[in-house]
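Trainee: My structure is below; once you've seen it, I'll send some questions.
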Amino acid sequence: MEILGIDIGGSGIKGALVNAETGEMVSERFRIPTPEGRKPNDMAEVVKQIVDHFDYEGPVGCGFPTIVKNGVCTSAGNLDASWVGVNIDELFTQATGHEFTVLNDADAAGYASMNYGVGKGKKGLVLMITIGTGLGSGAFYNGILLPNFELGQIPYKKYKKIEQWAAASAKERENLSYEKWGKRFNKFLHYVELITAPDLIIVGGGTSKKWKEFSHLITIETEVVKAELMNHAGIIGPAVACLREQHHGHLNLSTNG
């Protein structure tokens, strides 16, 4: 079964067809820049363009870069403030004519690793940490998603949230070496370990490509491994999630006479 997975980011919206059994992408990735302003209706139009590009029929899974509770955006993150309170499932379902299941992007990436990557078959509490503009986190207990486990939101010193100090954006903003930034990321992992006592931590996101540059600085007791699926996880994960998570949008089946 082939399912369309869509990965929504602050700079680009990407989609591809995924084999739900193997987790392999079976089409080329199609990308459209995220509309300037990042407002709901504008982004919904781009999502429709991606669905139309694949001439696709069926349910769609979508990773979204904010907290998503029962299909509703509860925090704007790096998007426009008008997203707060929007039922994303409903918006995208009505815009495209396809049932959408939308979940947090780190949760979506975690789904990919837990079903097709290094997390497959792992028991206990497994955390997926994605390093990018922020620090995303997805949590799975015995393979079951615990949604919106937003560990990057932990306050730290003068910072409203620790991701402002330890994410890749902080490294770029302050022009930090991997050695200096890696110590910050390790500090974040120490707090994660103290609070959640996980059995395994999987590190993904764009910065994980440079794993060899900072992995030696990770000193926590919990096993920490690099995600294998890299950037494709944001597309593969939501594709399989739409088969397992509840959909919170409804198709308008009325027709115009």
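The values are calculated or read from the model by the stated rules, or taken from the named source; none is laboratory data. Here the structure is a predicted model, which is why all the values come from computation and not from measurement. Counting neighbours? That spans all protein chains shown, and the Cβs are built from the backbone with ideal geometry, glycine included. Side chains are part of the model used for accessible areas, which takes the heavy atoms of the whole protein and leaves out ligands, DNA and RNA. Shrake-Rupley method; radii C 1.70, N 1.55, O 1.52, S 1.80 Å.
Let's see how each residue does on (1) at positive phi; (2) out of contact with any Leu (no Cβ under 7 Å at 6 or more places or on another chain); (3) modelled with pLDDT of 95 or more; (4) open to solvent by less than 10 Å² (accessible area, probe 1.4 Å):
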| position | (1), (2), (3), (4) |
| --- | --- |
| LYS183 | no, no, yes, no |
| TYR191 | no, yes, yes, no |
| SER208 | no, yes, no, yes |
| GLU223 | no, no, yes, no |
| HIS250 | no, yes, no, no |
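Trainee: Looking at PHE92, PHE100, which is the one that is of a type in the set (Phe, Trp, Tyr), farther than 23 Å from THR22 by Cα and open to solvent by less than 20 Å² (accessible area, probe 1.4 Å)?
Mentor: It is PHE92.
Trainee: Here is a follow-up. Checking the conditions here, which among ILE13, ILE6, ILE50 is part of a helix (DSSP H, G or I) and open to solvent by less than 20 Å² (accessible area, probe 1.4 Å)?
Mentor: That would be ILE50, the only listed residue that is part of a helix (DSSP H, G or I) and open to solvent by less than 20 Å² (accessible area, probe 1.4 Å).
Trainee: Right, next: Being closer than 18 Å to THR222 by Cβ, open to solvent by less than 40 Å² (accessible area, probe 1.4 Å) and part of a loop (DSSP other than H, G, I, E, B) is the filter here; which residues of the range 119-142 pass it?
Mentor: GLY119, GLY124
Trainee: Name the pairs whose Cβ atoms lie under 9 Å apart, with the first residue in the range 65-84 and closer than 16 Å to ALA241 by Cα and charged (D, E, K, R), the second part of a loop (DSSP other than H, G, I, E, B) and open to solvent by 50 Å² or more (accessible area, probe 1.4 Å), and 6 or more positions between them or separate chains?
Mentor: The qualifying pairs are LYS69/PRO147.
Trainee: In this structure, does THR196 turn out to be open to solvent by less than 80 Å² (accessible area, probe 1.4 Å), touching a helix residue (DSSP H, G or I) at 6+ places or on another chain (Cβ under 7 Å) and among the polar types (S, T, N, Q)?
Mentor: It is false that THR196 is open to solvent by less than 80 Å² (accessible area, probe 1.4 Å), touching a helix residue (DSSP H, G or I) at 6+ places or on another chain (Cβ under 7 Å) and among the polar types (S, T, N, Q).
Trainee: While we're looking at this one, here's another question. Can you name the residue in the range 53-78 that is open to solvent by 30 Å² or more (accessible area, probe 1.4 Å) and touching a Leu at 6+ places or on another chain (Cβ under 8 Å) and, of all such residues, is farthest from SER137 (Cα to Cα)?
Mentor: The qualifying residue farthest from SER137 (Cα to Cα) is PHE54.
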